[in-house]
Amino acid sequence: MRPKQRGFHLSLCSYSLRVSATEITRRVKEVSPETKEKFPAPSYTENVLADCFEDAKRYFLDALLEVDYAHAVMLAEQEIITVDELKMLLKGLRKLDLQKIRATKYDGTYEDLFFYIQQEITKNCDPDTAGKLHTARSRNDIDVTIYRLHLRGVTLKLLRETMNLHRTMLDLAAQHHETLIPAYTHTQPAQPSTLAHFLLAIAENLGRDAKRLQRAFENMNYCPLGACAITTTGFPISRTRTAELLGFTAPTVNSYASIASIDYFTELLGATNALLVNVGKFAQEFLLMAMQEFDVIVLSDGYVQTSSIMPQKRNPVALEHVRAIASKGLGQSLGVLTAVHNTPFGDINDSEDDIQPLIYSAIRDAHRAVSLLANTLERATFKVDTLHKRAGENFITVTELADTIVRRENLSFRVAHKIVHESVKAALAASSEITHEILQTASREITGGELALSAEETRLAMSAENFVNIRKIYGGTAPEETRRALSVEREYQTANEEWFSACVQSLKNATDRLKAIVDEIVKK
């Protein structure tokens, strides 16, 4: 009986499905063209187009108009449109009410900001002429161009703050070539160093961060305009001219790559990620220094916060925010990279409207973290006496004692290391420092004889000042070497400032030239 029942139910089910399909087909055929859903559907409008329209107004309106001006000028220079048509287009662009555009809410009567601007231009000039503005271009190449235009400014702002943080570290280092500090490995006191040496280590990292951002800027500063949808155009446009008018180094080359490649922002995010990881580590170091248990840095009152219940508290909140904001920026950046990972190599929405604002948000948070760290440390002071005292504690100078034994006694470092190791154990057991007697006892036990080192030589070998000063080799801690290293970093700083100034001036010159060209044509 059960198999029969199953078959019966299945038959009913199949019949039901056939009836449903037939009914659906009949109903679809009866729907009039007027009642069919048209693009954009309400859900698509609400969840995609409305948000993208607001983002486009916020980030790309100025860039889009700049592209329109440059493209129109190029079309006339190439005799693709007439001078009269150019003049009409430029006047139509000039008449746009930007305040009204920025205040406009998306209503679904146009697809995006590009079509809305086209609609507004048409109101200001002959419709046929307005339509000629879109000759030999596509939203594809326009989009990638305006993304790069906006990203250039964002990148330069981040680079500016990175250079400021680099300069802050150099200025602090210049004050502390002789300031002894304990250096740590595995979070334990390890060897004496100087505050200048420590700060120069940070500056060296930041110098590389600045170079990475520079390279990312240079690689993104190529113009995709003229690639059109993906294969260029049959019109005799000049991609070199539009690149020049928009302040790009040159046009991108392969038109497919111009539309499909996204490394113009993934390279920047890679550089930003490296910077943010560095900044997070630096902030953690200074947070530890601010703990009462360490108590070697004092932040300015403007960068600490009291407790609502504990009157004694001086919470180093600025440094905490540096770390938190840097982590947030890194998370957003990794979110972008995850979103575009394994997507097709071509024109695709995954790397466009929805993802672009997250790129800018990530870089903005990087800018915030770097700026806050620079300003916090610029106004901080270090407890030099406390640092100096700790540079001679916890036996952290004994590496130099072992080195001295090697040089003075002609013993292997392995043997010298063992003598000093046993001396440290004996000193700890006696709750004392390593004395000359303790050292000689360890030597007799290990080598069968005493060392030729005198008590004064032993004391000098364990001096933190001697430890630092004797390390004169390239990259070492000796003040003469940190002063040399500082001068080199200052040269890098100067070179970066010159690069930055030239870059900013070049972009400004391009903007001014384009405006002057438009002004001259419109006045005729």
Phi angles of segment 444-451, converted by Karplus (6.51 cos²θ - 1.76 cosθ + 1.60, θ = phi - 60°) into ³J(HN,Hα) in whole Hz with x for Gly and Pro, give 4, 5, 9, 10, x, x, 8, 7
Pseudo-spin-label distance Ala430 to Arg102, built 7 Å along Cα→Cβ, given in nm, is 7.7 nm
Surpassing 28 Å at the alpha-carbon level, of the pairs Lys157/Lys383; Lys157/Lys328; Lys328/Lys383; Lys157/Lys313, are Lys157/Lys383; Lys328/Lys383; Lys157/Lys313
In the list (i) 72, 30, 20; (ii) 39, 30, 21; (iii) 65, 34, 21, the entry giving semi-axes √(5λ) of the Cα gyration tensor in Å computed from the coordinates is (iii)
Protection proxy (average C-beta count within 10 Å per residue), highest first, orders 469-476, 265-272 as 265-272, 469-476
Placing +1 on each Lys and Arg Cβ and -1 on each Asp and Glu Cβ in the chain, then taking the dipole about the Cα centre, the residue among Gly108, Ala130, Ser308 whose Cα reaches farthest towards the positive end is Gly108
Expressed in angstrom and rounded, the centroid-to-centroid distance over alpha carbons for segment 123-149 and segment 221-263 is 14 Å
If every Lys and Arg gets +1 and every Asp and Glu gets -1 at its Cβ, then about the Cα centre segment 42-132 yields a dipole, in debye to the nearest 20, of 380 debye
Highest mean packing first, using Cβ neighbours within 10 angstrom, the peptides 433-442, 61-70 sort as 61-70, 433-442
The simple spin-label model distance between Thr399 and Tyr184, using points 7 Å out along Cα→Cβ, in nm, is 1.6 nm
Ranked output for segments 223-230, 252-259 by mean other Cβ atoms within 10 Å, highest leading, reads 223-230, 252-259
Answer in debye to the nearest 20: the dipole magnitude of the chain about its Cα centre, from +1 Lys/Arg and -1 Asp/Glu charges placed on Cβ, is 1280 debye
Farthest towards the positive end of the dipole of the chain, among Leu451, Gln356, Thr242 and with Cβ unit charges of +1 on Lys and Arg and -1 on Asp and Glu, lies the Cα of Gln356
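Assigning unit charges at the beta carbon (Lys, Arg +1; Asp, Glu -1) and nothing else, what dipole magnitude in debye, to the nearest 20, does segment 398-462 show about its Cα centre?
Result for segment 398-462 is approximately 200 debye, rounded to the nearest 20.
Since every read-out is calculated from the coordinates, none of them should be taken as a lab result. No experiment lies behind these values; they were computed from the predicted model shown. As a convention, Cβ positions derive from the backbone with ideal geometry for all residues, glycine included, and neighbour counts pool all protein chains shown.
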